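A.B. asks: For reference, the structure I am asking about is given below.
The values are calculated or read from the model by the stated rules, or taken from the named source; none is laboratory data. Treat the numbers as computed from the prediction; the structure is a model and nothing was measured. Note that each Cβ is placed from the backbone with ideal geometry, even for glycine, and that neighbours are counted across all protein chains shown. Heavy atoms of the whole protein, side chains included, go into the accessibility calculation; ligands, DNA and RNA do not. Shrake-Rupley method; radii C 1.70, N 1.55, O 1.52, S 1.80 Å.
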Amino acid sequence: MDTRRSDIIAEELEERIFNGTYPDGDRLDEVRLAKEFGVSRTPLREALQRLARSGLVTLVPRRGAFVSQPGPVELLEMFEVMAELEAVCGRLAAMRISDQALTELHEANQNCQAAVDRQDVDSYYAENERFHHIIYKQSGNSFLASEARALHRRLKPFRRQQLKLRGRMAQSMAEHKAIVDALEQGEPEEAVTALRNHVAIQGEKFHSLMSNLKRRTD
């Protein structure tokens, strides 16, 4: 129960950081937040640790937790690396993926489509995460899969946030179908292109995401 509660708190704090309620450099008061959410310090600290793993919060010993949003260059660089890691996972998975894993990808896509129909971003992201983790595992390279999962975790709040952009869930769904088609056909280079384009954040999509990372200097 505490773990689930900490997830809910983390997602609420993420949203407040994105919408500018907590600007860059703000100290997050544990006592006040625990009282506000009606929880003990334990789930709140677990939530802050999750945000720290994503880089949205910096934990300073004996001082507390401080908001730490990445700048546009850092964020773009992370997405560039993520796109390349996923592309390599896709290339290897196209040669190694099992029939069972393909079935699981189709199931994840069906659940994603149901979330698109409901306009349910949280459910879509949960199935989207499952979708990508299946591909990491099917690369057959445990080191690569571990690195991909780690960066995916780091970018999780930003990947979730971009799904809120108008039309993004439907676009993401179409990209998922292209990825599965390439994997089913055993086409490594098509899988590379499909995954790289799916994850790369550039142009209008990047500007839209950055506009949601509001900062206040007053």
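A.B. asks: Tally the residues that are within 23 Å of Ala93 (Cβ to Cβ), of a type outside the set (D, E, K, R) and within 17 Å of the chain's Cα centre (by Cα), restricting the search to segment 164-191. Walk me through how you get there before you give the answer.
C.D. replies: At the first step, the residues of segment 164-191 found to be within 23 Å of Ala93 (Cβ to Cβ) are 171-191.
Next, only the ones that are of a type outside the set (D, E, K, R) stay: 171-174, 176, 178-180, 182-183, 185-186, 188, 191.
Going one step further and asking which of them are within 17 Å of the chain's Cα centre (by Cα), we end up with 171-173, 176.
Adding up the residues that qualify gives 4.
A.B. asks: Can you find a residue in segment 53-71 that is in contact (Cβ under 8 Å) with a residue 60 or more places away in the chain, closer than 21 Å to Phe143 by Cβ, in contact with an Asp or Glu (Cβ under 9 Å, 6 or more places away or on another chain) and open to solvent by less than 80 Å² (accessible area, probe 1.4 Å)?
C.D. replies: Within segment 53-71, none of the residues are in contact (Cβ under 8 Å) with a residue 60 or more places away in the chain, closer than 21 Å to Phe143 by Cβ, in contact with an Asp or Glu (Cβ under 9 Å, 6 or more places away or on another chain) and open to solvent by less than 80 Å² (accessible area, probe 1.4 Å).
A.B. asks: When Leu76 is evaluated against the numbered criteria (1) within 25 Å of Glu175 (Cβ to Cβ); (2) open to solvent by 70 Å² or more (accessible area, probe 1.4 Å); (3) touching a residue at least 40 places away in the same chain (Cβ under 8 Å), which criterion, by number, is the only one it fails?
C.D. replies: If we test Leu76 against (1) within 25 Å of Glu175 (Cβ to Cβ); (2) open to solvent by 70 Å² or more (accessible area, probe 1.4 Å); (3) touching a residue at least 40 places away in the same chain (Cβ under 8 Å), just (2) comes out false.
A.B. asks: State yes or no: is Leu151 hydrophobic (A, V, I, L, M, F, W, C), at pLDDT below 95 and either surrounded by fewer than 19 Cβ atoms within 10 Å (Cβ to Cβ) or farther than 14 Å from Leu85 by Cβ (or both)? Outline the logic, then answer.
C.D. replies: Working: hydrophobic (A, V, I, L, M, F, W, C): yes; at pLDDT below 95: yes; either surrounded by fewer than 19 Cβ atoms within 10 Å (Cβ to Cβ) or farther than 14 Å from Leu85 by Cβ (or both): yes.
So Leu151 fits the description; yes.
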